[in-house]
């Protein structure tokens, strides 16, 4: 070995630094001693290892120098270098840095020396670093540092080494593991920075070498296997300055230090912003991954450096002495700003691609192929229309075509049934969600339901086009229902010829058709999401076996349902109560499991309720919300229709089109399989739906009572019936095939016949009569354009509303325009005085109706034609109403007297109309008096004059009245502090649940070495 | 099996309960109400009293700024000056006005009307009467007054009335110098009522006076059920004279037939078998039936819609007075307050069967049935404050004749305000959805 070295003009001294490295050290020592190019001198520096590292070195007869335990890597190297003999002039002295967790390949040193043989300018050369366990895993081929401090290797995650990076590369730096450094240059530029006891000392050294005019290269022919024990938290970090002994903290701090100490002065401000911003972004990422320790490390690392700028200033001063070229020479080695994002996004999309289109051929092994098979058969492609023979394709295609035909009148802006007109843009939805005061009727401070925000998010993805979003939702809903049902049913049967038709029937079930035809947004969403819940919580009885992450994913799903309809809360309440009774009976002696189940069930019930606050909390004061759906209040069907799974009401299937739901449920109850249990749930849903169908409630701006829509409950019954049917059929097929003719054959045939008959009739109805259901695309409006000009004006609108057979006179207060999505959900109840005045207006007895309307700021009365001519004449003759227009759309009267939104009544009783905006206003009063706001009374209404808040009272009519003591400018506001507080609460709770739902990140020490390679 | 049966039984029970206990959706509600009625103001020199059925009946003075209503606290309420709006709730109040020692007359307090015909009065030198047009609404009213006379259709007058106000149009301004007036009051907008007082005099001598009660619409068949007839008493030279005033407002003239119905028999007087009148011209015909009964009725049938009334001269306390008897619509169940009036009600029909309930001042109620054929007369006892027609035979007409110290009056037995039954509107935001 010595003889060979003598022939060389290089002299290599290897310095191995050990620190609790007994796990890797034997292999490291063995690798060093088996080098094809022998090491000229080998010395070890042990930093007071607590394990057997020192004994191992001793037994290997490696001279060892002891150092303090908190001695950093650079300092240990300096000790090792100091122990070497004086440099010889006839040879080039090199020091080879060896970690105790890295093992060079036998040819590593030889190739390293080969690489520098004809490159005299090289000060540092590094090998290709491969994984310790997986020796095909490419770890590093030179390193750099990104602008945000990230260690940059330019490699993909778990990149496989197949020689694609081979060659000699000019790099910013190389890892100190296996790096060969010219001794004279090392000493000339002062070795490693003492402030970088561990991590990033290599990048810093390379940077300094570069600005000192030297070159750093990576020679991939030389290979070193590296365990990265410190970075992967395989050993404790005890070096001096390693605050809290946390490797990530130290790494981030050192990264920032390197950047700030070496970069040009003029990029320092930008670097500070970048470091801080990326630290915060990564902290959020770590928080989402439930790694708060790492999140803290990120922020603490930057903070500890920023609060001690003196360290940086000194470091920059030291570097200035050895800088011979501009810092900008390293610019070529710093990765572009977007390269990290590009690399991340490429990996992300690749993972999605693999998830969606998994390459099945890659899973098959060549060993599985039978070479003798069909060698003589000519190679052919898949037969024509092969895809069309798959039941899934047939099912979805058929449904798509039928849906398109049935929806031929719904290709546009949808309106009708329970669905109000869509606002034109997502911005309107956002405003409706965020604002604390809604200009509906006499005004409302009710909280907007969460579904408005969800729709706004989805609409934002469609460039804010809400009508397009709703059209897409209702157009694709049957397909989405079929997909979600199919996902569930595939878990009950492997036979696609059962699961696909069953999911098809789910998509054309009575409740699905009625929901789409009558614009029941909540039921449509429930139909899509409901099958996913049993998939997620597949062990409802033994819920304690589910992880908390699964529970919180369930919470998210249930919260989505709650946000659309609080009927889901009632269903959850019933299911939880029912299950808890069972748990109590089953687990009376096993308290821990009972409590575990109790907590998980309660979280599933209550957490979504909190997530949908404050709308859900308000429902405790307005219980009818627990039975209502978004949109207009449209009555559901009667019990004998509901019994067959048809929710009834406008747009539903006719009564004679009876679905097989009830028969399947009853048959399944007598089954001996799992179908019986499913049918019990289905029967329960159906029973509750029947009971509720007897109730009528007044809600969503409708003073009259409308029969409860039981669609949400029937979703449960329908899903249960179809699931039970699938389970029965899956087992029955084998029984029928293997048995003689039996009553089961007749029953099965009868059931299939009824189901097929229902399907055919239902589809026939859907594409004919069903196509003219209430939900249609329309652009008509109720309010005439000239009444929409005055945005702060209230108009009492009278109209004949109802089905063709039962129309009735109804009225509401308009704010100049038609209602739009979300407004019925926050519509207030009508004031009693207005109710009486409107009634008197119609029956002709209302000689004071106009005065009442004027008191409440109603400026116009609009009768939409067609309307009873006699009533129009009655209003004409009643007094207090001056006809201002009569067109083909309707008749408009102006209410007598001074009225509007904001009225000033002077102390001598003179009424004056003040300028008013839609919600807030800035105007002037001419003297002391009272300012009457004709909006519903709310504590958040405030008027400021000269910076002082005016006293607020309740007028005789229950409207807000403010006492103005002097003339001057006044500002009317509706204080939205409470709404903002609730919005903050929502953001916090949703973020918290999203974090709990997200897959938990693992600390590096928790990742297996095999995975780390 | 047990669980399955339990589930099925539970399902059946729920279905049974749901069917049984279905709280049906409240159907269309209807509101029944009587529009508030308006009683005429008391003009200068007149005295006025309103007969009421209950002391709790609410009213408000038209000119008062407040719309607050107050109870009358009396069954016969003197009106000093103002128009009063009465929430009569189905019992029609009667206003009785008189000029001491000169004349008396009564009219019904009535609800707003879009069209009223007043067949009566004069525009000649003897007239002292006026047309009172009232706007009881809260906005301005526009009213057209169209006058007809023996000289044909007069130029139309349009008047604007402020909210809660009335206007008095002197009759001599409507068709100056003309003797026979017929006036149509058309409300173009507002809550309008009109009353007509026909008062006449020659110099300082009063010739009598009366309210001319309105007719709502022109019709081809008119029945004037109660015309007072004072047969010549011993020592008297003359009996009552009766004059028919008739107008066909259509574009073409008409032929009419007049039939007198009295307890002495029903007959068509000579010359009234088929009499022609010109369109738009008020015609007068004297009727002098030789009958002994104190009241009689007339039925007029025409081939074109007509309006008509009969004026009768009467003698009260040896003073002359006249009474305008106007047509009434067929009798319907209704109630009328007559405190202090004690009228004689005349029913006329082919077959009369009217069930009436009287409420006395002490609250006592007595039911009686008036039966007869052609014509029947019923004197209401003095202590009755109101009567209610509970049931009536078809095509029965009724009018009341009231005699007082100051004069003689006629009241049509018809509701002052009709029960309006309209659907109760419902507040529903759905109206704002296209």
Open item on the list: I'm checking my understanding of the structure. Among residues of the stretch B:188-201 that are surrounded by fewer than 24 Cβ atoms within 10 Å (Cβ to Cβ) and within 13 Å of chain A (Cβ to nearest Cβ), which one is nearest to residue B:171 (Cα to Cα)?
Closed with: B:188
Open item on the list: When you scan the stretch A:928-946, do you find a residue that is closer than 26 Å to residue A:438 by Cβ, out of contact with any strand residue (DSSP E or B) (no Cβ under 6 Å at 6 or more places or on another chain) and without any contact (Cβ under 8 Å) to a residue 40 or more places away in the chain, even just one?
Closed with: yes
TODO: Please verify whether the stretch A:422-433 includes one or more residues that are without any contact (Cβ under 8 Å) to a residue 24 or more places away in the chain and more than 31 Å from the chain's Cα centre (by Cα).
DONE: no
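Out of the strands (runs of 3 or more DSSP E) lying entirely within the stretch A:81-184, which hold 3 or more residues that are more than 26 Å from residue A:328 (Cα to Cα) and at pLDDT 85 or above? Reasoning before the result, please.
Working: elements: A:92-99, A:102-104, A:122-131, A:138-140, A:168-170, A:180-182.
So the answer is A:92-99, A:102-104, A:122-131.
Residues checked against (1) in contact (Cβ under 8 Å) with a residue 40 or more places away in the chain; (2) over 17 Å from the mean Cα position of the chain (by Cα); (3) in a loop (DSSP other than H, G, I, E, B); (4) closer than 22 Å to residue B:420 by Cβ:
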| residue | (1), (2), (3), (4) |
| --- | --- |
| B:43 | yes, yes, yes, no |
| B:50 | yes, no, no, no |
| B:55 | no, yes, yes, no |
| B:59 | no, yes, no, yes |
| B:63 | yes, yes, yes, no |
| B:77 | no, yes, no, no |
| B:82 | yes, yes, yes, no |
| B:86 | yes, no, no, yes |
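Among the residues of the stretch B:369-376, is there at least one that is within 19 Å of the chain's Cα centre (by Cα), on the phi < 0 side of the Ramachandran plot and touching a residue at least 40 places away in the same chain (Cβ under 8 Å)?
No, every residue in the stretch B:369-376 fails to be within 19 Å of the chain's Cα centre (by Cα), on the phi < 0 side of the Ramachandran plot and touching a residue at least 40 places away in the same chain (Cβ under 8 Å).
Could you check, for the stretch A:470-482, whether at least one of its residues is farther than 28 Å from residue A:390 by Cβ, within 26 Å of the chain's Cα centre (by Cα) and in contact (Cβ under 8 Å) with a residue 24 or more places away in the chain?
yes
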TODO: Looking at (1) part of a helix (DSSP H, G or I); (2) within 14 Å of chain B (Cβ to nearest Cβ), find the lone condition where residue A:751 falls short.
DONE: (2)
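Restricting attention to helices (runs of 4 or more DSSP H) lying wholly within the stretch A:771-858, give those where 1 or more residues are buried (at least 18 other Cβ atoms within 10 Å of the Cβ) and within 11 Å of chain B (Cβ to nearest Cβ).
Those helices (runs of 4 or more DSSP H) span A:832-843, A:849-855.
Here is a list: B:153, B:81, B:164. Which entry is within 14 Å of another protein chain (Cβ to nearest Cβ) and either crowded, with 21+ Cβ neighbours inside 10 Å or over 21 Å from residue B:203 (Cα atoms) (or both)? Break it down stepwise before answering.
Working: B:153 fails: within 14 Å of another protein chain (Cβ to nearest Cβ); B:81 fails: within 14 Å of another protein chain (Cβ to nearest Cβ).
Only one candidate passes the filter, namely B:164.
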Task: The listed residue being in a strand (DSSP E or B), touching a strand residue (DSSP E or B) at 6+ places or on another chain (Cβ under 8 Å) and within 14 Å of another protein chain (Cβ to nearest Cβ), out of B:223, B:185 - done: B:185
Open item on the list: Restricting to the stretch A:862-885, name every residue that is within 12 Å of another protein chain (Cβ to nearest Cβ) and modelled with pLDDT of 85 or more.
Closed with: A:862, A:863, A:864, A:867, A:884
TODO: Please indicate, with yes or no, whether at least one residue in the stretch A:87-103 is surrounded by fewer than 21 Cβ atoms within 10 Å (Cβ to Cβ), touching a helix residue (DSSP H, G or I) at 6+ places or on another chain (Cβ under 9 Å) and assigned by TED's automatic domain parsing to the domain that holds residue A:301.
DONE: no
TODO: State whether the residues of the stretch B:32-40 include one that is modelled with pLDDT of 90 or more, in a loop (DSSP other than H, G, I, E, B) and more than 7 Å from chain A (Cβ to nearest Cβ).
DONE: yes
Task: Qualifying position, being touching a helix residue (DSSP H, G or I) at 6+ places or on another chain (Cβ under 8 Å) and surrounded by fewer than 21 Cβ atoms within 10 Å (Cβ to Cβ), among A:726, A:735 - done: A:735
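Listed here are the residues, each with its yes/no results for (1) part of a helix (DSSP H, G or I); (2) surrounded by fewer than 24 Cβ atoms within 10 Å (Cβ to Cβ).
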residue: A:516; (1), (2): yes, no
residue: A:519; (1), (2): no, no
residue: A:523; (1), (2): yes, no
residue: A:527; (1), (2): yes, no
residue: A:533; (1), (2): yes, yes
residue: A:540; (1), (2): no, yes
residue: A:544; (1), (2): yes, yes
residue: A:550; (1), (2): yes, yes
residue: A:553; (1), (2): yes, yes
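Of the residues A:412, A:381, only one is within 14 Å of another protein chain (Cβ to nearest Cβ), farther than 30 Å from residue A:980 by Cβ and modelled with pLDDT under 90; which?
One residue alone meets the criteria, A:412.
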- [ ] Say whether the condition of being modelled with pLDDT of 80 or more, outside any helix (DSSP H, G or I) and out of contact with any helix residue (DSSP H, G or I) (no Cβ under 8 Å at 6 or more places or on another chain) is met by at least one residue in the stretch A:417-433.
- [x] yes
Task: Residues (buried (at least 19 other Cβ atoms within 10 Å of the Cβ) and at the interface with chain A (Cβ under 10 Å from one of its Cβ atoms)) located in the stretch B:390-419 - done: B:417
Open item on the list: Given the options B:113, B:95, name the one that is touching a helix residue (DSSP H, G or I) at 6+ places or on another chain (Cβ under 9 Å) and at pLDDT 85 or above.
Closed with: B:113
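From A:566, A:561, A:570, A:557, grab the single residue that is outside the structural domain of residue A:649 (by TED's automatic domain parsing) and free of Cβ contacts under 8 Å to residues at least 40 places away in the same chain.
None of the other options fit; the residue is A:557.
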Open item on the list: I'd like to check something: does the stretch B:264-280 contain any residue that is in a loop (DSSP other than H, G, I, E, B), in contact (Cβ under 8 Å) with a residue 24 or more places away in the chain, assigned by TED's automatic domain parsing to the domain that holds residue B:175 and crowded, with 18+ Cβ neighbours inside 10 Å?
Closed with: yes
Task: Output for the stretch A:666-699, where each listed residue is in contact (Cβ under 8 Å) with a residue 12 or more places away in the chain, assigned to a loop (DSSP other than H, G, I, E, B) and within 7 Å of chain B (Cβ to nearest Cβ) - done: A:693, A:694, A:695
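The values are calculated or read from the model by the stated rules, or taken from the named source; none is laboratory data. Values in this document were obtained by computation on a predicted structure and should not be read as measured data. Note that we place each Cβ from the backbone using ideal geometry, even for glycine, and neighbour counts take in every protein chain shown.
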